[in-house]
1. Out of (1) at pLDDT below 95; (2) within 17 Å of residue 25 (Cβ to Cβ); (3) not small (Gly, Ala, Ser), the odd one out for residue 90 is which?
2. Go through the residues of region 58-77 one by one and say whether even a single one is in contact with a helix residue (DSSP H, G or I) (Cβ under 7 Å, 6 or more places away or on another chain) and of a type in the set (Phe, Trp, Tyr).
3. Might you check whether a residue that is part of a helix (DSSP H, G or I), in contact with a Pro (Cβ under 7 Å, 6 or more places away or on another chain) and over 22 Å from residue 106 (Cα atoms) occurs anywhere in region 22-36?
4. Taking the options 19, 15, name whichever one is touching a strand residue (DSSP E or B) at 6+ places or on another chain (Cβ under 9 Å) and surrounded by fewer than 21 Cβ atoms within 10 Å (Cβ to Cβ).
5. Sort through 44, 82 and tell me the only one that's out of contact with any helix residue (DSSP H, G or I) (no Cβ under 7 Å at 6 or more places or on another chain) and modelled with pLDDT of 95 or more.
6. Just for strands (runs of 3 or more DSSP E) wholly inside region 45-103: which have at least 3 residues that are surrounded by 12 or more Cβ atoms within 10 Å (Cβ to Cβ) and out of contact with any Gly (no Cβ under 7 Å at 6 or more places or on another chain)?
Amino acid sequence: MSAKNVKELTDGSFEGDVEKAEGVVVVDFWAPWCGPCRMVGPVIEQLATEYDGRVTFGKLNVDDNPEVAARYGIRSIPTIGIFRDGEAVDGVIGAVPKQQLSKVIEAQLAVA
């Protein structure tokens, strides 16, 4: 299901993969039953390929990993969380166009 550039995240791996990571990390908070989430998945995979080596991408299934979702107040999915050097710095809620996600990512890369 997941592209090689998109890491499957869990409650157990989130701290090491995201909160202790350097640089920009994009996290797709999703669930298998969520229709809009399935629309966002391929967009995340395309962006992961385009930003390979510059941005880390991960997916967190909120049903299987409720601790992280609760900690970050994820109430609607899909939510795309943008982290920089372990801090949640931005995010997008809902299925948005690829160009909109690219703009948010580019803004964080410009700051990093």
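The values are calculated or read from the model by the stated rules, or taken from the named source; none is laboratory data. No experiment lies behind these values; they were computed from the predicted model shown. Glycine gets a Cβ as well: all are built from the backbone with ideal geometry, and neighbour counts include every protein chain shown.
1. That leaves (1) as the condition not met.
2. Checked against the condition, which is being in contact with a helix residue (DSSP H, G or I) (Cβ under 7 Å, 6 or more places away or on another chain) and of a type in the set (Phe, Trp, Tyr), region 58-77 yields no hits at all.
3. Of the residues in region 22-36, the ones part of a helix (DSSP H, G or I) are 35-36.
From the residues that got through so far, the ones that are in contact with a Pro (Cβ under 7 Å, 6 or more places away or on another chain) too are 36.
If we keep only those that are over 22 Å from residue 106 (Cα atoms) as well, we get 36.
Yes; the residues of region 22-36 include at least one that is part of a helix (DSSP H, G or I), in contact with a Pro (Cβ under 7 Å, 6 or more places away or on another chain) and over 22 Å from residue 106 (Cα atoms).
4. Values: 15 fails: touching a strand residue (DSSP E or B) at 6+ places or on another chain (Cβ under 9 Å).
Criteria check complete, one pass: 19.
5. Numbers: 82 fails: out of contact with any helix residue (DSSP H, G or I) (no Cβ under 7 Å at 6 or more places or on another chain).
Sole residue among the options that is out of contact with any helix residue (DSSP H, G or I) (no Cβ under 7 Å at 6 or more places or on another chain) and modelled with pLDDT of 95 or more: 44.
6. Working: elements: 55-61, 79-84, 87-93.
Correct list: 55-61, 87-93.
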